[in-house]
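See structure below.
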Amino acid sequence: MLVTLVVVFRPLFGVRYPAMTDLPFHAAQTSALRHWFDDSYRFREQFGWHPIEVPYLTHYGLGALFMLALPVVPAIKLATGVVLGFVPLGVAALASGMKKSPLLGLGALPLVWCELTHWGFVSFVGALGLFAASLGLAMRLVDTPSRGRAFALGGVLVLVLITHPFRFPFALLGVGLTAL
């Protein structure tokens, strides 16, 4: 767990501004979400609310939540780290579903800082981890059905939908094929 935290968060907090092309754009969008109901910013007069059309709701929502207590830059770094943390956690869940050691999730750590991440496709990369988690949870649910596992799988599928909706049909297909 400590290795995962260091690998995911050190590149974000070890520099003033991480070398991610779209991160300033994501920070601006997150700040707009954070101040949506603040009339002095007048965002509601200038912009429309289309949460499903923009596949970054988890990233923006976490960032806006963290901005309640932190300035913009640390809040967006923290939100980015949480979303990127879905990758090793998802692979650990997948390994667990295959009755392998969840420590195999550590093998996904190099995927966290891939070229896609540096371009700023944080939600895309995080959704891949959530996709893996949905498959792992589906395997566990098929092996040993329980209400808790069903709710966990449902929660992860909702997270896939709001993190990157374009991954959602693939997650549903994967869960369906797993059930078969």
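The values are calculated or read from the model by the stated rules, or taken from the named source; none is laboratory data. Since the structure is predicted, the reported quantities are computational estimates derived from the model, not experimental observations. We place every Cβ from the backbone using ideal geometry, glycine too, and count neighbours over all the protein chains shown. Side chains included, ligands, DNA and RNA excluded: accessible areas come from the protein's heavy atoms. Shrake-Rupley method; radii C 1.70, N 1.55, O 1.52, S 1.80 Å.
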Could you count how many residues in the range 71-89 are open to solvent by 50 Å² or more (accessible area, probe 1.4 Å) and over 21 Å from residue 32 (Cβ atoms)? 1
Report, by residue number, each residue of the range 136-151 that is open to solvent by less than 60 Å² (accessible area, probe 1.4 Å) and not in a helix (DSSP H, G or I). 146
Expected output for the range 14-36 (first residue touching a residue at least 12 places away in the same chain (Cβ under 8 Å) and outside any helix (DSSP H, G or I), partner among the hydroxyl-bearing types (Ser, Thr, Tyr) and open to solvent by 40 Å² or more (accessible area, probe 1.4 Å), Cβ below 7 Å, 6+ apart or cross-chain) is none
Given the conditions (1) out of contact with any Ser or Thr (no Cβ under 9 Å at 6 or more places or on another chain); (2) part of a helix (DSSP H, G or I); (3) of a type outside the set (S, T, N, Q), report the number of the one that residue 68 does not fulfil. (2)
Return the pair list, or none, for Cβ contacts closer than 7 Å from residues in the range 78-99 that are of a type in the set (S, T, N, Q) to residues that are outside any helix (DSSP H, G or I), at least 6 apart or on different chains. none
Flag for residue 62 being surrounded by fewer than 24 Cβ atoms within 10 Å (Cβ to Cβ), within 11 Å of the chain's Cα centre (by Cα) and under 14 Å from residue 33 (Cα atoms): yes
Could you tell me whether residue 131 is modelled with pLDDT under 95, open to solvent by 30 Å² or more (accessible area, probe 1.4 Å) and not hydroxyl-bearing (Ser, Thr, Tyr)? no
Test set (1) loosely packed, with under 14 Cβ neighbours inside 10 Å; (2) of a type outside the set (S, T, N, Q); (3) touching a Cys at 6+ places or on another chain (Cβ under 8 Å) - residue 125 fails condition number: (1)
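Residues are listed down the side, and each one gets a yes or a no for (1) of a type in the set (Val, Ile, Thr); (2) surrounded by 14 or more Cβ atoms within 10 Å (Cβ to Cβ):
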{"site": "7", "(1), (2)": "yes, yes"}
{"site": "10", "(1), (2)": "no, no"}
{"site": "29", "(1), (2)": "no, yes"}
{"site": "32", "(1), (2)": "no, yes"}
{"site": "35", "(1), (2)": "no, yes"}
{"site": "40", "(1), (2)": "no, no"}
{"site": "45", "(1), (2)": "no, no"}
{"site": "48", "(1), (2)": "no, no"}
{"site": "51", "(1), (2)": "no, no"}
Residue check for residue 68: within 22 Å of residue 23 (Cα to Cα) and under 15 Å from the mean Cα position of the chain (by Cα): no
Take the residues of the range 12-27 that are more than 16 Å from residue 126 (Cβ to Cβ) and open to solvent by less than 60 Å² (accessible area, probe 1.4 Å): which is nearest to the chain's Cα centre (by Cα)? 27
